[in-house]
Each structure stands twice: as structure tokens, then as C-alpha cells.
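The values are calculated or read from the model by the stated rules, or taken from the named source; none is laboratory data. None of these values were measured; they are calculated from a predicted model. Quick reminder, even Gly has a Cβ in these numbers, built from the backbone with ideal geometry, and neighbours come from all protein chains shown.
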Amino acid sequence: MTWLRRLRRLATRAVADERGAGYMAAFIVLFGTLTVGGVGLLVDSARIMAAERQTSSSAFEAARAGAQAVDAASTRAGGATLTADQAQSRAAAAAGTLVSGSGGQLAGVEVTGDKVVVTISRSVDPWFPVVGAATVTETGTARLAVGITEEGQ
Amino acid sequence: MTGRLGDDRGSSDVAAMMFIVPLAFGAVMLFTFVGRQGAGAEGVVHAAHVAAVAASTERDAGSAQAAATRTAASTLSAAGTACAGGPSVSVAADAWASGGTVTVTVTCTVATGDLGAIDAPARTLTASASAVIDTYRGYET
């Protein structure tokens, strides 16, 4: 029993003892700041990465929609080509539909030969003051490929 | 023995250790939780995109739903994101015809069973992605 009393006395002393309290306070402040900083870094970088993924997905899909503007006459002649202005307008229209509601903006559509390149940018505001505001710019490329079981056939 | 117990030297360190160790452990679990949510959110966005592409190349609404569900599930499991009860996938299209837009929404409740020590809440992640339905393809309505 005296053993239990001693343990209790030790516990009381450990709680009532104020030596080192400044050190403890400094530790708690530092630990708290680092924890919040670490969580902020993880959360905001994940949000930026998810925004990048989503933006590149929209850009890729818009480019794919544009690359389907095949010129009918050239297809009948045997070598399918894109109708440039139609590819441009289809990609732009698709991009407009795909980014609506996500806060993204169409930065440009470029049609070169049988290739459509769509660029979409979007800004991400961080929730924690660890990483700065990021502007995500992603490009999606789609190319007209003609073939039956493989390209060129 | 009495001298040792009555001694004040080092008692603050013992209290500090009793305090610091669980705190550090909790912080590690918190980082794991947040990191897993972030990776899971990215995986769900990616799965939604892949499922939307899969749905956009099908010929009717029923097979689009089946393709999207299959693709989203296999993408998430390949990325290592465990959804409690599996991901739920819904497919909607403004028109099942060429030039229409198909939208796939993937919902995943990230498993947090092993983080019970910090009472991690089960969070549900949702992402949707759209794709334009193939122009040169026949559709049944």
C-alpha cells in the first residue's frame, strides 16, 4: 500500500511540478504548428493534384471530340483528314461543356494536320497557408488515326 | 528506493514522454488519414475519367453503365484505393447519340478501419468526369 501511495505522490508531483513548463509550452506550439503545416501540405498538394488530373481529363476529352471532325470527302478518297475549322469549333464547344462548373478556362485550341491540342487552365486556392495559390495548366492531345484492326490498315 | 522515488530529477521528462509519445503517434495517424484521403481523391478523379471514356465508346446506355462500373472498379483497385463496399458508379448522358455528353460519377468511401485510434471518420469521395460520345458509331436508344 505504501507503494501505491508513493506512486500517487509521484503522479501528483509530476502534474503539480512547473519546472520545464516553458519548455513544454514551446514544444506544444512547435508541434502544433508542424502538424498543421504537414496536414496543410498534404491536403493542398492533393487538391492541386486532383485539379491537375481533372483539368487534363477535360483537355484530353475536348481534344478527342475535336479529332472526330473527319472530312467526309477525304475519307472517301482513301486518306482521312481533319476539317480544321470544324475540329477547332467542336473541341472548343466540348471544352466549354466539360469545364463548366469546375472553374476551369479554355486557354487554347490548336489544330495542326491530324492533331488537336487543347489547353485548359484552372486556378486552385489553397485551404492552408502552406502552399501558394497554384494555376494548373494542362494540355490534351488527340490525333486522328485511321485503321481497322490497327492504324494504317 | 525511497531516495529514488522522492527524487524530483527527471520527473518532468517522464511526464513529457507520457505526453509526447501518444501525440506523435496520433500525428502519424493523422498524416496517414489525410494522405490516404488525398491519394483516394485523386484516384477517384482518375477512375471517373477512365470510366467516362469507356462509357463513351459503348453503343447503348446499359452496356455503357456496365463498362463504366467495371472500368472504375479495376482502375481504383489497380491504384490501391480500397473503397468500403466497392465504388458506386452512376452514368448519365444528355443524349445517347453521337455528339452527346456522357457523365460518369464515381463515389468511394475510403476505408479507415485501421485508424480507429484517432477515431478517423469515414469520408466519402465523389468525382465526376464527362466525355463526348463517339461521333462515328451507331446507338440504340
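When you go through (1) over 20 Å from B:D134 (Cβ atoms); (2) surrounded by 12 or more Cβ atoms within 10 Å (Cβ to Cβ) one by one for A:A93, which number turns out not to apply?
So the condition that A:A93 fails would be (1).
Against the definition (under 38 Å from the mean Cα position of the chain (by Cα), closer than 18 Å to A:T141 by Cβ and aromatic (F, W, Y)), how does A:F27 come out, yes or no?
Working: under 38 Å from the mean Cα position of the chain (by Cα): yes; closer than 18 Å to A:T141 by Cβ: no; aromatic (F, W, Y): yes.
Answer is no for this residue.
Please find, among A:L42, A:L7, A:L34, the residue that is within 10 Å of chain B (Cβ to nearest Cβ), within 30 Å of B:L30 (Cβ to Cβ) and either over 23 Å from the mean Cα position of the chain (by Cα) or not in a helix (DSSP H, G or I) (or both). Please lay out each step first, then the result.
Numbers: A:L42 fails: either over 23 Å from the mean Cα position of the chain (by Cα) or not in a helix (DSSP H, G or I) (or both); A:L7 fails: within 30 Å of B:L30 (Cβ to Cβ).
That would be A:L34, the only listed residue that is within 10 Å of chain B (Cβ to nearest Cβ), within 30 Å of B:L30 (Cβ to Cβ) and either over 23 Å from the mean Cα position of the chain (by Cα) or not in a helix (DSSP H, G or I) (or both).
If the Cβ limit is 6 Å and pairs must be 6+ apart or interchain, which residue in the range A:56-79 that is of a type in the set (S, T, N, Q) pairs with which residue that is outside any helix (DSSP H, G or I) and surrounded by fewer than 19 Cβ atoms within 10 Å (Cβ to Cβ)?
The qualifying pairs are A:Q68/B:T135; A:S74/A:A80; A:S74/A:T81.
When residues of the range B:103-141 are filtered for being in a strand (DSSP E or B) and facing chain A (nearest Cβ under 10 Å), how many remain? So that I can check it myself, show each step before the final result.
The first filter runs over the range B:103-141 and keeps only residues in a strand (DSSP E or B), leaving B:103-110, B:124-132.
Cutting the leftovers down to facing chain A (nearest Cβ under 10 Å) gives us B:103, B:125, B:127-132.
Adding up the residues that qualify gives 8.
Mind checking whether some residue in the range B:34-56 is within 14 Å of chain A (Cβ to nearest Cβ), part of a helix (DSSP H, G or I), of a type in the set (K, R) and in contact (Cβ under 8 Å) with a residue 40 or more places away in the chain?
Yes; the residues of the range B:34-56 include at least one that is within 14 Å of chain A (Cβ to nearest Cβ), part of a helix (DSSP H, G or I), of a type in the set (K, R) and in contact (Cβ under 8 Å) with a residue 40 or more places away in the chain.
Might you check whether a residue that is of a type outside the set (S, T, Y), in contact with a helix residue (DSSP H, G or I) (Cβ under 8 Å, 6 or more places away or on another chain) and under 30 Å from B:Q37 (Cα atoms) occurs anywhere in the range A:20-33? Let's see the steps before the verdict.
Filtering the range A:20-33 down to residues of a type outside the set (S, T, Y) leaves A:20-22, A:24-32.
Those left that are additionally in contact with a helix residue (DSSP H, G or I) (Cβ under 8 Å, 6 or more places away or on another chain): A:20, A:24, A:27, A:31.
Right, trim to under 30 Å from B:Q37 (Cα atoms) and you get A:27, A:31.
Yes: one or more hits.
Does any residue in the range B:81-106 that is more than 12 Å from B:A55 (Cα to Cα) come within less than 9 Å, Cβ to Cβ, of a residue that is of a type in the set (F, W, Y) and exposed (fewer than 14 other Cβ atoms within 10 Å of the Cβ) six or more places away or on a different chain, and which pairs are these?
Listed pairs, sorted by first residue: B:S98/B:Y136.
Can you find a residue in the range A:55-68 that is surrounded by fewer than 20 Cβ atoms within 10 Å (Cβ to Cβ), at pLDDT below 90, touching a Ser or Thr at 6+ places or on another chain (Cβ under 7 Å) and more than 26 Å from B:V28 (Cα to Cα)?
No, every residue in the range A:55-68 fails to be surrounded by fewer than 20 Cβ atoms within 10 Å (Cβ to Cβ), at pLDDT below 90, touching a Ser or Thr at 6+ places or on another chain (Cβ under 7 Å) and more than 26 Å from B:V28 (Cα to Cα).
If you check B:V106 against the conditions, is it among the hydrophobic types (A, V, I, L, M, F, W, C) and either surrounded by fewer than 14 Cβ atoms within 10 Å (Cβ to Cβ) or touching a Pro at 6+ places or on another chain (Cβ under 7 Å) (or both)? It would help to see each step written out before you state the result.
Details: among the hydrophobic types (A, V, I, L, M, F, W, C): yes; either surrounded by fewer than 14 Cβ atoms within 10 Å (Cβ to Cβ) or touching a Pro at 6+ places or on another chain (Cβ under 7 Å) (or both): yes.
Against the criterion (among the hydrophobic types (A, V, I, L, M, F, W, C) and either surrounded by fewer than 14 Cβ atoms within 10 Å (Cβ to Cβ) or touching a Pro at 6+ places or on another chain (Cβ under 7 Å) (or both)), B:V106 qualifies.
Of the conditions (1) under 25 Å from B:G40 (Cα atoms); (2) assigned to a helix (DSSP H, G or I), A:A95 satisfies every one except a single condition; which number is it?
(1)
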